[in-house]
1. Counting just the residues of the range 68-117 that are surrounded by 13 or more Cβ atoms within 10 Å (Cβ to Cβ), under 13 Å from residue 41 (Cα atoms) and polar (S, T, N, Q), which one comes out modelled with the lowest pLDDT?
2. Among the numbered criteria (1) in contact (Cβ under 8 Å) with a residue 60 or more places away in the chain; (2) surrounded by fewer than 15 Cβ atoms within 10 Å (Cβ to Cβ), which one does residue 31 miss?
3. Can you pull out the residues in the range 3-28 that are surrounded by 11 or more Cβ atoms within 10 Å (Cβ to Cβ) and of a type outside the set (Asp, Glu)?
Amino acid sequence: MTDAAVRGEKWALQLVLDKLYASPKDRVVQFELPPIRNPEGLALALDSILQATAAGQLSPSEAASLSAMVVDVNAKIMADVRVYLATVRKLGEANDKKALMQLKAPYPASDADTDTA
């Protein structure tokens with residue numbers, strides 16, 4: 001078949017191109033997913049995926065894929081928190097109160113903490 005494609009046979013070219021550039025099998029889904037800015041947002045995102053699946057907006061496999069992405073975000077957040085806590089521990093052991101006061105948490109405790117009033 002590849003020899004035929006190289007010779008310019010249209011049917012063979014089409015088969016080769018179809019294999020190389022397969023159309024995506026996933027569908028675009030639209031549903032409300034809350035922002036994930038902190039651990040609380042992770043729980044809300046997973047609940048949103050569960051609710052969309054229960055309502056028939058997402059198939060179970062789509063829900064599994066989206067949940068895996070949320071879990072990946074969770075791993076990133078937890079890694080950032082571990083680094084933050086290690087920094088707090090080092091500064092505490094060094095008794096560096098000034099640096100501790102200037103240190104900002106990587107994620108606010110809740111979305112209410114992000115409001116500027």
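1. Here the answer is 110.
2. Answer for residue 31: the failing condition is (1).
3. To start, the set of residues in the range 3-28 that are surrounded by 11 or more Cβ atoms within 10 Å (Cβ to Cβ) comprises 4-6, 9, 12-17.
Residues satisfying the conditions are 4, 5, 6, 12, 13, 14, 15, 16, 17.
Per-residue answers, yes or no, for (1) part of a loop (DSSP other than H, G, I, E, B); (2) within 13 Å of the chain's Cα centre (by Cα); (3) under 30 Å from residue 101 (Cα atoms):
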| site | (1), (2), (3) |
| --- | --- |
| 32 | yes, no, no |
| 44 | no, no, no |
| 47 | no, no, no |
| 51 | no, no, no |
| 62 | no, no, no |
| 72 | no, yes, no |
| 89 | no, no, yes |
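The values are calculated or read from the model by the stated rules, or taken from the named source; none is laboratory data. This is a predicted model, so every value here is computed, not measured. In this analysis, Cβ positions are derived from the backbone assuming ideal geometry, glycine residues included, and neighbour counts consider all displayed protein chains.
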